[in-house]
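The values are calculated or read from the model by the stated rules, or taken from the named source; none is laboratory data. Everything numeric here is computed off the predicted structure, so don't read it as measured data. Note that each Cβ is placed from the backbone with ideal geometry, even for glycine, and that neighbours are counted across all protein chains shown.
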Amino acid sequence: MKKIISIFFSFLILFPVCLYSDPAKESLTTVKKMINFIRYKKNESAIKLIDIETFSKSLLQEEYETLSEEQKKKFQYTIQNYIISKSFPLALKYFQKIDLTYEKPILKGKEVEIPASLLYQGSEKVQFSWILAEKNGTYLVKDFLTEKKLASEVNRKQILPIFKQKGFEELIRQIEKASK
């Protein structure tokens, strides 16, 4: 009986924590952390807030499952390096001295979209969104939306034909070359 009461009280203590978990708030916190890491050139910390595995799967879709575990890891590592060397410096250009305006997060099933905008060079309004999903208890960025197109979709149109026509090793070589 004491064990049942103990389990019941443990449930009562933990239940409010689960009940008050706010995916929108947690997702916005992730995005703000990532932006600050990019601003201060802490790329290794910023990249940890991106779900590279899910993004890699989105890039190659069903072709991803044809890869060996070693190839999957190599592809993820190559994509990660590309993001650090090309995407983060571009983001820094926009985020370095400009404050972002965040809109209300949008819950879409198990995903959260964080819309944002900024005024670039004082007049050009740039609008975009981050798409996040929970993974291992943390909300991570899984894609980026701009001009109503996901980054994974846009990039897939470039990399999937290379993969299909020239193979995995050539795709890796070309992404590594583009990372320099």
From the option list VAL141, VAL31, VAL112, single residue qualifying as farther than 16 Å from ILE175 by Cβ, among the β-branched types (Val, Ile, Thr) and in contact with a Ser or Thr (Cβ under 6 Å, 6 or more places away or on another chain) is VAL112
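Go through the residues of the stretch 94-105 one by one and say whether even a single one is under 14 Å from ILE50 (Cβ atoms) and not hydroxyl-bearing (Ser, Thr, Tyr). Can you show your working first?
So the first thing to find is which residues in the stretch 94-105 are under 14 Å from ILE50 (Cβ atoms), and the list is none.
Looking through the stretch 94-105, none of the residues is under 14 Å from ILE50 (Cβ atoms) and not hydroxyl-bearing (Ser, Thr, Tyr).
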Answer yes if at least one residue in the stretch 66-74 is surrounded by 18 or more Cβ atoms within 10 Å (Cβ to Cβ) and of a type outside the set (A, V, I, L, M), and no otherwise.
-> no
Total residues in the stretch 114-156, condition charged (D, E, K, R), within 13 Å of PRO23 (Cβ to Cβ) and loosely packed, with under 15 Cβ neighbours inside 10 Å | 1
Of (1) in contact with a helix residue (DSSP H, G or I) (Cβ under 8 Å, 6 or more places away or on another chain); (2) at pLDDT below 95; (3) among the acidic types (Asp, Glu), GLU147 satisfies every one except (1)
Return only the number of the condition from (1) in a strand (DSSP E or B); (2) modelled with pLDDT under 95; (3) of a type in the set (A, V, I, L, M) that LEU12 does not satisfy.
-> (1)
Of (1) in contact with a Ser or Thr (Cβ under 8 Å, 6 or more places away or on another chain); (2) more than 24 Å from SER179 (Cβ to Cβ); (3) not polar (S, T, N, Q), GLU62 satisfies every one except (1)
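Just the residues that are under 14 Å from LEU160 (Cβ atoms) and either in contact with a Cys (Cβ under 9 Å, 6 or more places away or on another chain) or part of a helix (DSSP H, G or I) (or both), please, taken from the stretch 66-90.
Residues satisfying the conditions are THR66, PHE75, ILE79.
Here is a yes/no grid of residues against (1) of a type in the set (Gly, Ala, Ser); (2) in a loop (DSSP other than H, G, I, E, B):
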| position | (1), (2) |
| --- | --- |
| ILE98 | no, yes |
| LEU118 | no, no |
| SER129 | yes, no |
| ALA133 | yes, no |
| VAL154 | no, no |
| ILE162 | no, no |
| GLN165 | no, no |
Check the stretch 106-126 and report whether any residue there is at pLDDT 95 or above and among the aromatic types (Phe, Trp, Tyr).
-> no
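Filter the stretch 157-170 for residues that are of a type outside the set (Asp, Glu) and free of Cβ contacts under 8 Å to residues at least 24 places away in the same chain; which is surrounded by the most Cβ atoms within 10 Å (Cβ to Cβ)? Before you say what the answer is, go through the steps one by one.
Just the residues of the stretch 157-170 that are of a type outside the set (Asp, Glu), to begin with: 157-168.
Remaining after also requiring free of Cβ contacts under 8 Å to residues at least 24 places away in the same chain: 157-158, 161-162, 165-167.
Numbers: LYS157: 9, GLN158: 12, PRO161: 11, ILE162: 16, GLN165: 9, LYS166: 12, GLY167: 11.
Looking at the filtered set, the residue picked out is ILE162.
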